[in-house]
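Reviewing the structure listed below.
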Amino acid sequence: MSDVTDETLTYSLPVDSRKVRLKWLMTALVAVGAVYVLSDAMSNYWLRTFISAAALAIGSLSVSVLFAQLGMVSLAQFALLGVGGWFALRVSHGLGVPFELAILAGGVAAAAFGLVVGLPALRMRGLYLAIITLMMAGAIQVLISAFGFPDGGAGILGKSTGARVMMARPFLAQTDEAYFRYVAVVLVLCYGLVLLHVRGRPGRAWAMIRRSEVCALAGGVHIVAYKVWAFALAGFLAGVAGGLLAGGVGQLDGSAFPASQSIMLFALTIVGGAYSWMGPLIAGLMLRAFPALLNDFHVDGNIATIVFGAGLLHALMTAPKGIAGQLQDAAKALRAKFPGKPGAAR
Amino acid sequence: MIEIEDLTVMFGGVRGLNALTATLPEPVTGLVGPNGAGKTTLINVLSGFVRPTIGTVKIDGENLGGIALHKRAAFGIRRTFQNEQVVENLTAGGNVTAVLDNVPTDRRPRRDLIEAALGFVGMIPKLHVMGADLNAYERRLVEIARATVGRPRLVMMDEPGAGLSQDESEHLRSVIKGIHGYCGAQVLLVDHDVDLISATCVATLVLDFGSRIAYGPTTAVLADPRVRAAYLGVAEESA
């Protein structure tokens, strides 16, 4: 190390950036094709299942932002989906605004709630933070089950006494097929929003905080501001997810957002793999598509919970990076076994 | 220039620092003393992690008491840690960028500043290597690069020399000696390695039980019988 010569000063990217870009472009094209073909080929049952799964993938993304970036456990994110759904429904019914605005309103409202949920995080971490956020999820559950979701009625709560009115879907996506594609686009936008954060200044500050608070302080990171920001972003994502769920079904059920679901969302994000972009997608599929698949086979969907428990044990004991990490390891092993062309196996 | 006046830090009933007064004007100052002497406490006071019970510290004439914790890096107070604190999920360049985000850039392109800081410690070849893949010595160098980017005034190093090979140790010495010339910052170096201290530090401050027992040119201070007594535990000959 002591003699730095001119040769060591030249450096190159470890991976060819053009190849990487091409790989991502191919992945994106395949994904777009899959979404397009799938939405045409699927039955209504599966379409609705996948709409929910995509929305919940956004919810799981919100958990993974907090967990993977900052190492913080929030067990209130599913409750925040409910908050986002409530405000999206209320704004949509009350003001008759376009769907996009209703979703945004849901996101912003949940971000504000997320901020409140995150306040204890300024002083606590680990188990204590988990417990406090779980209690907040419980409080939100009580509010939601007491007041229910707006369904076209008058007044602040917007409860109708007669027929329940469905939430207006986006102008571009009235049918289930189109709405599925719409949700897929929003999912991609949410990933983009998170990527923008992670690659940028907030992501670096979060990484410093996750390393240790003294490290962040010594580097001049405003810990409070960046933690609050992360909780607001996570709340926003959860709120958007809740709005999308509301748009998918047309209304929301007051009993569908118990605190236990928040634990489930967190657990499955770990099982899916919080550190990888694939993790939230896998978590979304496990939350909705897996039980639906069991139902399709005429097996009780509740068995899924048992499977999830086993999956969580497995993830905690042997696969800290979740299913996504295992898939990536498997892909790496395959590539090493079958090197297609020289240099492909790294 | 660091001016420490009547600095006292109490941890419950224990005095971490006891009415310490010192003026440290040299570009590289050593800070030595036996375990528990208050070296790390002094560094923590300067970083702002520990609040002094009594007393003030001024850097370049500015009282540190008025500078918020998260603004000290931007003010120019930087440090490396006894247990390295390199962020493992950022690259070496990302680690430097994470600090550069919060400190003045003097309107120079960020890329230039990052490459200059890593170049200074000889880590340009590792610019894109993740923190997790760096070895112990490389991590230490990344910490120094983080501490020297963006107009620092004071760089404090807590035992940077621990566990290094001969080659690494020599490189580290040249890096430490070069910090003042490279970015104009004053260096405060805590280490038990007397060779490292005498090779790099112009002056040395010796602490014991939170108080100053000697300050002056390094060779003179290290030869001082009271310092040798505090370090080696030799009883002073009583008359």
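Among strands (runs of 3 or more DSSP E) entirely within segment B:1-119, having at least 2 residues that are among the acidic types (Asp, Glu) singles out B:2-11. Could you list, ordered by first residue, the pairs with Cβ atoms under 8 Å in which the first is in segment B:110-137 and away from chain A (no Cβ under 11 Å) and closer than 19 Å to B:LEU164 by Cβ and the second is of a type in the set (Val, Ile, Thr) and in a helix (DSSP H, G or I), at least 6 apart or interchain? Correct list of pairs: B:LEU134/B:VAL142. Only one entry of B:ILE67, B:ILE114, B:ILE43 meets the criterion of being β-branched (Val, Ile, Thr) and out of contact with any helix residue (DSSP H, G or I) (no Cβ under 6 Å at 6 or more places or on another chain), and that entry is B:ILE43. All told, B:THR41 meets the bar of being crowded, with 21+ Cβ neighbours inside 10 Å and modelled with pLDDT of 90 or more. Among the residues of segment A:246-265, the ones that are of a type in the set (A, V, I, L, M) and part of a loop (DSSP other than H, G, I, E, B) come to 2 in all. A:ARG164 meets all of the listed conditions (1) more than 22 Å from the chain's Cα centre (by Cα); (2) in a helix (DSSP H, G or I) but one, namely (2). Evaluated against (1) modelled with pLDDT under 90; (2) surrounded by fewer than 20 Cβ atoms within 10 Å (Cβ to Cβ); (3) part of a helix (DSSP H, G or I), B:ALA239 falls short on exactly one condition, (3). When segment B:138-149 is limited to residues that are in contact with a Lys or Arg (Cβ under 8 Å, 6 or more places away or on another chain) and at the interface with chain A (Cβ under 10 Å from one of its Cβ atoms), the one that is surrounded by the fewest Cβ atoms within 10 Å (Cβ to Cβ) turns out to be B:GLU138. Of everything in segment B:150-209 that is of a type in the set (D, E, K, R) and assigned to a helix (DSSP H, G or I), the residue that is nearest to B:GLU138 (Cα to Cα) is B:GLU168. Tell me which residues, restricted to segment B:89-99, are surrounded by fewer than 21 Cβ atoms within 10 Å (Cβ to Cβ) and more than 7 Å from chain A (Cβ to nearest Cβ). The one that is surrounded by fewer than 21 Cβ atoms within 10 Å (Cβ to Cβ) and more than 7 Å from chain A (Cβ to nearest Cβ): B:THR91. Of the numbered criteria (1) over 23 Å from B:ASN89 (Cβ atoms); (2) modelled with pLDDT of 90 or more, the one A:GLY311 fails is (2).
The values are calculated or read from the model by the stated rules, or taken from the named source; none is laboratory data. Since the model is a prediction, treat every value here as computed from it, not as a measurement. Here the Cβ is made from the backbone with ideal geometry for all residues, glycine too, and neighbour counts use every protein chain on show.
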